[in-house]
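The values are calculated or read from the model by the stated rules, or taken from the named source; none is laboratory data. Owing to the predicted nature of the structure, the values given are computational and were not obtained by experimental measurement. So basically every Cβ, Gly included, is an ideal-geometry build from the backbone, and we count neighbours across all protein chains shown. These accessible areas exclude ligands, DNA and RNA; they are computed on the full protein's heavy atoms, side chains included. Shrake-Rupley method; radii C 1.70, N 1.55, O 1.52, S 1.80 Å.
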Amino acid sequence: MGKEKSEKEVFVCPVGKFFQDLSEFSGKRSKFHKHMSQSRIEFLKAIRSLVDEKIEGYEKKTSGKEEKKMTKIKVQ
């Protein structure tokens, strides 16, 4: 059988690592750290808004099909 790896491979986003290093360098009470924390919140809110829009779209699709009713038309 093949050799099993004894170490786990870890992939880290280089951009995320860069900002993490900057944050650690500047300290938790710096303006930089405050802005980065706020940007995380804004990013998550943006993702939440996309998810909410997708949910609303699916709800409209399913509710629209149920509301359609047949109507009787008199022909002369």
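Of note:
- Among residues of the stretch 7-25 that are within 15 Å of residue 40 (Cα to Cα), those with a Cβ under 6 angstrom from a residue that is at pLDDT 80 or above, sequence gap 6+ or separate chain, pair up as 23/33; 23/36.
- For the stretch 20-58, the candidate set comprises residues that are open to solvent by 60 Å² or more (accessible area, probe 1.4 Å) and either small (Gly, Ala, Ser) or outside any helix (DSSP H, G or I) (or both); within that set, the residue that is modelled with the highest pLDDT is 29.
- For the stretch 59-76, a residue qualifies if it is open to solvent by 100 Å² or more (accessible area, probe 1.4 Å) and part of a helix (DSSP H, G or I), and the qualifying residues are 59, 60, 61, 65, 66, 67.
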